[in-house]
Amino acid sequence: MSVQTSSYRTLEQADLNAVVDSPDPQSRVRTAPRPGEDPYPTRLAEPFDMPWFNRREPVVKGRAEEGPLSQAQLDAFERQGFLFEPGFITGDELAELRRELAALLDNDDFRDRDFSITEPQGNEIRSLFAVHLLSRVFSRLAHDERLMGRARQILGGEAYVHQSRINYKPGFEGKGFSWHSDFETWHAEDGMPAMHALSASLVLTDNHHFNGPLMLVPGSHRVFVPCLGETPDENHRQSLKQQEVGVPGREALRALIDRHGIESPTGAAGGLLLFDCNVLHGSNANMSPDPRSNAFFVYNRLDNRCLAPFGASRRRPRFLAHEPGERWSPEGPI
C-alpha cells in the first residue's frame, strides 16, 4: 500500500474542541437538532451554531470472527474510515474485468442515456451507473462473497447494493470531484436514514499520484458536516458532472484536514478500497496521460433502506438508488 499524507499541521485536541464548542459568535444561528428530529440535517438555508455534529451510529458493527477481515483490519477501518487491500484481484480475473470495462465504455447504446454521465466539457464518459445490472460480469463481482462478506461484517447485518457504477477518469481530460460525504447526498436526496452503508471501490487501472486518485480525510467519518443551499430539482443532472450543492464549507473542511490530514491510497490495478459512507473524500483532475478507472459498489444494510429524502423534494432516479432485490433495465425498473 502506498499512502501519501498531507503535511498540514495537526491541531491539539483542545484546539479541535474549541472549533466545535466555541465557533465564531457571528455564526450562531441555529442550535443542534433536538431528540426526535433528523439527527443529520443538511441542505440548510441558515447554518447551525456548530460546524458539525457527532456521528450517532457505530462505525464497525460486526466482529472479526464474523467475516474475512481481521481485528487489525477492522480497527484500521474504525480509526480511519477506510481500508485499502492491495492485490485483492489479480491475473485472469482482473483481465476479464478490464475487458468488460472497455466493452461497456465502447457500447454506443449507453451513450446519451441518463445513467451514462459525461465530463463537464466533452463527451468522454465520466461514470456509468447501475453497472451491476447492465453487465453479468460486474453483477457477479457485486454479489461476490468476498465483497458481500466484508460489507456484512462491517455493517453488522445483511446488505444490498444501493448503487453501482464505473468511474472513468480519462488521461488529460478527467476532471476532479469536490470534497463531499456520500452519506450527506444519500441522506438528503435518496432518503437513507442512518450511517449503515459503505463503498467498495475496486481499482481497475494503476493509481498513482498524477492521475487523480481518490483522496480521503481519515477520521472525518466520525462527524457529520451539514451543507448549505437548497437542493435544486433534478440536481443529479448537474451534481454527477460537477457537485456544487452538498459540498461542506471551507471552514469545516480546513478544521478537519488540519486535524486529520489527507491520505490517498495508490497502487497497482486490482486493489480494493473500502470506505465508510460518511468519510470526506474527493479527487483532483487527471493531469497525466494515464486513465484512472474503478468499479464502485455501495452496500447498504437491509434495515436501512431508503425512505423519503430528507433534503430534497423527491428521490433521485432508480439507477442512482436501488431497492433491495430490484431488477432494472435502461428503460426503467422491471
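A short reminder: the numbers here are calculations on the coordinates, not readings from a lab. All of these numbers come straight from a predicted model, not from anything done at the bench. Positions of Cβ are backbone-derived with ideal geometry, glycine not excepted, and every protein chain shown enters the neighbour counts.
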Completion exercise
Across 10 Å bins beginning at 0, the whole-percent shares of Cα-Cα pair distances in segment 182-297 come to 12, 40, 39, 9, 0
Fill in the blank from the handout: Expressed in angstrom and ordered largest first, the alpha-carbon extents of segment 47-95 along the principal axes are 54, 28, 13
Fill in the blank from the handout: Charge tally for neighbours of residue 82 with beta carbon under 11 Å away, counting Lys, Arg as +1 and Asp, Glu as -1, is -3
Fill in the blank from the handout: In this structure, the FRET efficiency calculated for residue 230 and residue 96 from their beta-carbon separation, with R0 = 35 Å, to the nearest 0.05, is 0.20
Fill in the blank from the handout: For segment 90-186, shape from the Cα gyration tensor axes a ≥ b ≥ c, cut at a/c of 1.5 then a/b versus b/c, turns out oblate
Practice task
Quickly rank 188-195, 94-101 as a protection proxy: mean count of other C-beta atoms within 10 Å, highest first.
Solution key: 188-195, 94-101
Exercise for the section: Report, please, the projected area of segment 135-200 averaged over directions, based on the convex hull of its C-alpha atoms, in nm². Expected result: 6.0
Handout entry: Extension reserve of the residue 139-residue 208 stretch, reckoned as 0.36 nm per residue once the Cα distance is removed
Key = 22.1 nm
Completion exercise
Residue-ordered couplings for segment 170-183, obtained by feeding phi - 60° into the Karplus form 6.51 cos²θ - 1.76 cosθ + 1.60 and rounding to whole Hz (Gly and Pro as x), are x, x, 6, 9, x, 8, x, 10, 5, 4, 6, 9, 4, 4
Practice task
Round to the nearest 0.05 the FRET efficiency obtained for residue 108 and residue 313 when R0 = 41 Å and r is the Cβ-Cβ distance.
Solution key: 0.75
